[in-house]
Amino acid sequence: MAEAVYTQIAEDLRAQIASGILRPGDDVPTEAELAERWHTSRGPIRNALAALRGEGLIETGRGRPARVVARKASQAVDVSVPFTRWARDLGVEPGAETQELSLRRAGDHAAALGVEPEDTIVSVVRLRLLDGRPTMLERLFYTEAAGRRLFDVDLDEVSITEYLGSQGHPIVGLQHVIDAVAADEQDAALLQVPQGTPILRLSRTSRDADGRIFEASEDRYLSEVVRFTVAASGISTDGHFMRAVGA
């Protein structure tokens, strides 16, 4: 019986969030209020709130009511999906504001691209948006042969991944590394967060059909907007779930 009650409570709160009755930033009714409304003990209430917290719909903290949060967009990192296509699959409008497109010496990025420090590379910095909201800052570095093609297009209007793919530089192999970093001065200004705010960093190395590296990138996502997911299938001999990375 208790299980049925907590399921009903969770469904009711979920419906209020979906309909906009409870919006991001709103407090969820307290445990006492919900217990009185549903004529139940606090056990089912806590189970219902735990379920919604697990779904990413609310956040809870010691000493304050549960609060509705904006639903995070899930970004799969075991496959390569261009930001533009990913956004549209989510049903939101992607945007881009190019901050930099330049030729420069490889310097510290030489090792990642497999070139010499004195070689010329192409550097791109773009702010990416979801429905006009700053979401991610791209820092992209390309070998000169691939990157020079970017001077021929409006980078605010194209998917770089799809454009380079159409120009003979498709991503055939890649490697992702995920960690968290503190927002630096440029991150803070463009993503509109205080400097030092924790943000998610997705570093990527992309290879072409011949196995050559042509892109090394660093995408910095607002953790309050995006979460990373990995799908696994199969179990290796050492007991770990594994899934091959696709292009």
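Enumerate the pairs (first residue in the stretch 120-134 and farther than 8 Å from G95 by Cβ and assigned to a strand (DSSP E or B); second residue anywhere and aromatic (F, W, Y) and open to solvent by less than 20 Å² (accessible area, probe 1.4 Å)) with beta-carbon separation below 6 Å, excluding pairs fewer than 6 apart on the same chain, so at least 6 apart or on different chains.
Going by the 6 Å Cβ cut-off, the qualifying pairs are V122/Y142.
Quick check on my filter: what residues within the stretch 89-119 are more than 17 Å from the chain's Cα centre (by Cα) and part of a loop (DSSP other than H, G, I, E, B)?
A106, G114, V115, E116, P117, E118, D119
Might you let me know whether the stretch 86-99 holds any residue that is of a type in the set (A, V, I, L, M, F, W, C) and within 19 Å of A146 (Cα to Cα)?
No - not one qualifying residue is present in the stretch 86-99.
Output the residues belonging to the stretch 44-83 that are modelled with pLDDT of 80 or more, open to solvent by 50 Å² or more (accessible area, probe 1.4 Å) and out of contact with any strand residue (DSSP E or B) (no Cβ under 7 Å at 6 or more places or on another chain).
R46, N47
Within the stretch 104-129, count every residue that is closer than 29 Å to V193 by Cα, open to solvent by 20 Å² or more (accessible area, probe 1.4 Å) and either in contact with a Cys (Cβ under 7 Å, 6 or more places away or on another chain) or among the aliphatic types (A, V, I, L, M) (or both).
So the count comes out to 1.
Could you list, in sequence order, all residues of the stretch 197-217 that are under 15 Å from Q167 (Cβ atoms) and either in contact with a Pro (Cβ under 6 Å, 6 or more places away or on another chain) or hydroxyl-bearing (S, T, Y) (or both)?
Hit for the stretch 197-217 is S206, nothing else.
Conditions: (1) among the charged types (D, E, K, R); (2) under 24 Å from E224 (Cβ atoms); (3) in a helix (DSSP H, G or I). E59 meets all but one. Number of the miss?
(3)
Hey, can you tell me all the residues within the stretch 4-32 that are within 17 Å of I45 (Cβ to Cβ) and at pLDDT below 85?
Listed by number, the residues that qualify are A4, I17.
How about the stretch 172-185: which of its residues are buried (at least 16 other Cβ atoms within 10 Å of the Cβ) and either of a type in the set (S, T, N, Q) or under 22 Å from G95 (Cα atoms) (or both)?
A183
Open to solvent by less than 50 Å² (accessible area, probe 1.4 Å) and at pLDDT 95 or above: which single residue out of L150, L200 fits that description?
Checking each option against the conditions leaves just L150.
Which residues, counting only those in the stretch 84-103, are closer than 21 Å to L155 by Cα, out of contact with any Asp or Glu (no Cβ under 8 Å at 6 or more places or on another chain) and at pLDDT below 85?
Listed by number, the residues that qualify are W86, R88, D89.
Out of S236, S159, which single residue is more than 14 Å from F83 (Cβ to Cβ), modelled with pLDDT under 95 and hydroxyl-bearing (S, T, Y)?
S236
The values are calculated or read from the model by the stated rules, or taken from the named source; none is laboratory data. Everything numeric in this text was worked out from a predicted model, so none of it was measured. Backbone-built Cβ (ideal geometry, glycine too); neighbour counts: all protein chains shown. Heads up: the accessible areas ignore ligands, DNA and RNA and are worked out on the full protein's heavy atoms, side chains in. Shrake-Rupley method; radii C 1.70, N 1.55, O 1.52, S 1.80 Å.
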